[in-house]
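For reference, the structure discussed in these notes is given below.
The values are calculated or read from the model by the stated rules, or taken from the named source; none is laboratory data. This is a predicted model, so every value here is computed, not measured. Ideal geometry is used to build each Cβ from the backbone, glycine not excepted, and the neighbour counts take in all protein chains shown. Accessible surface is based on the protein model in full, side chains and every heavy atom, while ligands, DNA and RNA are left aside. Shrake-Rupley method; radii C 1.70, N 1.55, O 1.52, S 1.80 Å.
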Amino acid sequence: MQVNYFNETIPDFSSLVRGLPAAPGALLRDPVSFNELFSRTARDEYSLQSDVVFKRFPPNIKKSANNKEPSEVKGLYIFIEELEPCYVGISRSIFTRIKQHMTGKSHYACSLAYLMAVATYETECNQKWMGTRDAFARNNFERYRSEIQKRMRDTWKIAIIPEADSYLLYLKEIYLACCLQTKWNSFATH
């Protein structure tokens, strides 16, 4: 077996492909809502509900050093809007990343809300946004962000798929985005 610069074993591609789910739609069973995972605090922040996380994802979630909070899990998350998968994402810290999408304020932290804001703007103006990402963020993003994120938090479901193997993680992201025909995924920047 060959290893890369980071001393990771480079897998054989055919064995990697065998690790892909044969029925990707099955991964969407029993999704969770944002409001099931996170509770809103008095200071208008969101905190992870540890009891729910441990109950829903037992063997994959391990307790942190203080034995109270769940430690993060590496893997994939699939956002589901109106029963249709619309976005597949990956993260080494799934719960933190989901929270960023749903509550973040910068266009980098909540990149999906940013894409949706641009699409809403283009529909309203009946023209394609031709400016830069930063220009849209400065001039238009805030007008749409909170409403989009509220809709995501209140109505979307989330499927969480733990995956420790980095090669399989990246392969699954594009594989699932293609199989599930997710409308918000793009690999142009990868």
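Counting the residues of segment 112-139 that are within 27 Å of V73 (Cα to Cα) and open to solvent by less than 30 Å² (accessible area, probe 1.4 Å) gives 4.
Condition check ((1) charged (D, E, K, R); (2) closer than 18 Å to W184 by Cα) across all residues:
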| site | (1), (2) |
| --- | --- |
| F95 | no, no |
| M102 | no, yes |
| M130 | no, no |
| D134 | yes, no |
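Of the helices (runs of 4 or more DSSP H) lying entirely inside segment 1-80, those containing at least 2 residues that are at pLDDT 80 or above and within 17 Å of the chain's Cα centre (by Cα) are 34-37. Of note, E142 satisfies the criterion of being open to solvent by 60 Å² or more (accessible area, probe 1.4 Å), more than 18 Å from N185 (Cβ to Cβ) and at pLDDT below 95. If you filter segment 84-111 down to residues that are under 22 Å from Y170 (Cα atoms) and among the basic types (K, R), you find that the one that is least open to solvent (accessible area, probe 1.4 Å) is R97. Every test in (1) part of a strand (DSSP E or B); (2) surrounded by fewer than 17 Cβ atoms within 10 Å (Cβ to Cβ) is passed by F187 save one, and that test is (1). The C-beta contact set for segment 2-26 (first residue over 17 Å from A164 (Cα atoms), second residue of a type outside the set (V, I, T) and assigned to a loop (DSSP other than H, G, I, E, B), distance under 7 angstrom, 6+ apart or interchain) comprises P24/L180.
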